[in-house]
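A.B. asks: Below you will find the structure I want to go over with you.
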Amino acid sequence: MRLTLHVWRQASSRDTGRFETFDAPDVSEHMSFLEMLDVVNERITQAGGEPIAFEHDCREGICGSCGMVVNGRPHGPQSLTTACQLHMRSFNDGDEIWIEPWRANSFPVIKDLVVDRSPFDRIIEAGGYISVRTGSAPDGNTFPVPKQFADEAFDAATCIGCGACVAACPNASAMLFTSAKVAHLGLLPQGQTERWDRVLGMVETHDEEGFGNCTNHGACQNACPKGISVDYIARLNRDLVKATLRARPAEAKDA
Ligand code: SF4
Ligand code: FES
């Protein structure tokens, strides 16, 4: 396939950035999207240019680092797929492809397609832990966990922290991510000790980091490569109300 790429180039967060066009004349349909970018980068480097910066690690859809917007969609045109798992067979000979970083004030561009997702780390720091002694693996398995909660906690735990939900949301809200992290531990018996502090701390940090409010667009769920459901946001909201009432019993009584 011969493709034309329009790639966002931005030297740093202070640079205004612009699209730069590249010819990609020899793309195999068997390449992954990142392999295609590797080949383009090789050509750029051989011509003495600055290669396109993009983030990646596992290239297996599990680390969450490879986020980019492809033709207006976070992670590209294929549902339930990360950019590294997107394959060039999803495109046609002669296509023009527009490639951009996540667009959100809370994720400033570091360079080209690489954004700073450290706000997610700070949300995790605000509650993504448990303080009980879990002991060895056999000890851990002595906690009975109802099947429904085990399944729901597992589904929440599949969130890879990629940030596509933020990029897709018109409010740049990170509520889908936060709700998955709240539910992951909050559904398990081991996570009950910090359950209420967790939801309060994570939501407070979410807001402090400048992410927007959820107004039920559902774009996050559609963009999520792991199929995290907006039901987790509803669960977070229920826990948030309970936690707030527990934290302010006198006010709750008056209300
Ligand atoms: S909820 Fe989905 S889209 Fe958002 S960070 Fe987690 S895996 Fe990525
Ligand atoms: S590189 Fe790890 S999820 Fe894409």
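The values are calculated or read from the model by the stated rules, or taken from the named source; none is laboratory data. If you're wondering where the values come from, they're calculated on a predicted model, not measured in any experiment. Cβ placement follows ideal geometry from the backbone for every residue including glycine, while neighbour counts extend to all protein chains displayed.
A.B. asks: Hey, among 45, 82, which residue is surrounded by 22 or more Cβ atoms within 10 Å (Cβ to Cβ) and either within 13 Å of ligand 2 (Cβ to nearest atom) or more than 22 Å from residue 117 (Cβ to Cβ) (or both)?
C.D. replies: Just a single option satisfies the conditions, and that option is 82.
A.B. asks: Return the total of residues in region 85-102 being under 20 Å from residue 63 (Cα atoms) and either more than 15 Å from ligand 2 (Cβ to nearest atom) or in contact with a helix residue (DSSP H, G or I) (Cβ under 6 Å, 6 or more places away or on another chain) (or both).
C.D. replies: 3
A.B. asks: Quick check: is even one residue across region 58-69 in a loop (DSSP other than H, G, I, E, B), of a type in the set (A, V, I, L, M) and either closer than 22 Å to residue 96 by Cα or near ligand 2 (Cβ under 7 Å from one of its atoms) (or both)?
C.D. replies: Scanning region 58-69, I find at least one residue that is in a loop (DSSP other than H, G, I, E, B), of a type in the set (A, V, I, L, M) and either closer than 22 Å to residue 96 by Cα or near ligand 2 (Cβ under 7 Å from one of its atoms) (or both), so the answer is yes.
A.B. asks: Only one residue in 80, 34 is assigned to a helix (DSSP H, G or I) and either within 16 Å of ligand 1 (Cβ to nearest atom) or not assigned by TED's automatic domain parsing to the domain that holds residue 175 (or both). Which one?
C.D. replies: Result of the check over 80, 34: 34.
A.B. asks: Could you say which residue among 33, 19 is surrounded by 20 or more Cβ atoms within 10 Å (Cβ to Cβ) and of a type in the set (Phe, Trp, Tyr)?
C.D. replies: That would be 33, the only listed residue that is surrounded by 20 or more Cβ atoms within 10 Å (Cβ to Cβ) and of a type in the set (Phe, Trp, Tyr).
A.B. asks: Something else: Please pick out the residue among 128, 64 that is within 14 Å of ligand 1 (Cβ to nearest atom), in contact with a Cys (Cβ under 6 Å, 6 or more places away or on another chain) and more than 21 Å from residue 18 (Cβ to Cβ).
C.D. replies: On the way: 128 fails: in contact with a Cys (Cβ under 6 Å, 6 or more places away or on another chain).
Step by step, each of 128, 64 is checked, and only 64 is within 14 Å of ligand 1 (Cβ to nearest atom), in contact with a Cys (Cβ under 6 Å, 6 or more places away or on another chain) and more than 21 Å from residue 18 (Cβ to Cβ).
A.B. asks: Working only within region 189-213, note down all residues that are polar (S, T, N, Q) and in contact with a Lys or Arg (Cβ under 6 Å, 6 or more places away or on another chain).
C.D. replies: Within region 189-213, 205 is the sole residue that qualifies.
A.B. asks: Identify the residue in region 113-127 that is part of a loop (DSSP other than H, G, I, E, B) and of a type outside the set (D, E, K, R) and, among all such residues, is nearest to the chain's Cα centre (by Cα).
C.D. replies: By that ranking, first place goes to 113.
A.B. asks: Let me spell it out: the conditions are (1) in contact with a Cys (Cβ under 9 Å, 6 or more places away or on another chain); (2) outside any loop (DSSP other than H, G, I, E, B), and residue 110 meets all of them except one. Which number is the exception?
C.D. replies: The failed condition is (1).
A.B. asks: For region 187-213, what are the residues that are without any contact (Cβ under 8 Å) to a residue 60 or more places away in the chain, surrounded by fewer than 17 Cβ atoms within 10 Å (Cβ to Cβ) and over 14 Å from residue 106 (Cβ atoms)?
C.D. replies: 189, 192
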